[in-house]
Amino acid sequence: MYLITIKEDKCDGCGECVEACPVNIIDMVDGKAVCEDSSECIGCESCVAVCPTEAVKFQEL
Ligand code: SF4
Ligand code: SF4
């Protein structure tokens, strides 16, 4: 299982991670990317790779 957390203060709202996620578990909320439930994350790390500000933190639990 994986845990995806997105640092709000680092996110610039570009939406790249939302587009990149193959299972659509990242959403934009008030201009910031949010992953409220990463239980369906497949661990591809695409969100980490595309983020220009290193706002996405990926953890394998
Ligand atoms: S690691 Fe892959 S599946 Fe998981 S949230 Fe990021 S883009 Fe989506
Ligand atoms: S790719 Fe990074 S900066 Fe862009 S919306 Fe996602 S978390 Fe925010």
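Taken together, the values in this text are just the output of simple stated rules run on the coordinates, not laboratory data. The shown structure was predicted, so the numbers you read here are calculated from the model rather than taken from an experiment. Please note: Cβ atoms are built from the backbone with ideal geometry, for glycine as well, and neighbour counts cover all protein chains shown.
For the range 4-19, filtering for residues that are near ligand 1 (Cβ under 10 Å from one of its atoms) and surrounded by fewer than 17 Cβ atoms within 10 Å (Cβ to Cβ) leaves 1.
With respect to the conditions (1) more than 10 Å from ligand 2 (Cβ to nearest atom); (2) surrounded by fewer than 17 Cβ atoms within 10 Å (Cβ to Cβ); (3) of a type in the set (A, V, I, L, M), residue 48 lacks only one, and its number is (1). Would a scan of the range 4-11 turn up a residue that is of a type in the set (Asp, Glu), out of contact with any strand residue (DSSP E or B) (no Cβ under 7 Å at 6 or more places or on another chain) and near ligand 2 (Cβ under 8 Å from one of its atoms)? Checked the range 4-11: no residue is of a type in the set (Asp, Glu), out of contact with any strand residue (DSSP E or B) (no Cβ under 7 Å at 6 or more places or on another chain) and near ligand 2 (Cβ under 8 Å from one of its atoms). Does residue 25 satisfy the criteria of being assigned to a loop (DSSP other than H, G, I, E, B), surrounded by 14 or more Cβ atoms within 10 Å (Cβ to Cβ) and near ligand 1 (Cβ under 7 Å from one of its atoms)? So residue 25 fits the description; yes.
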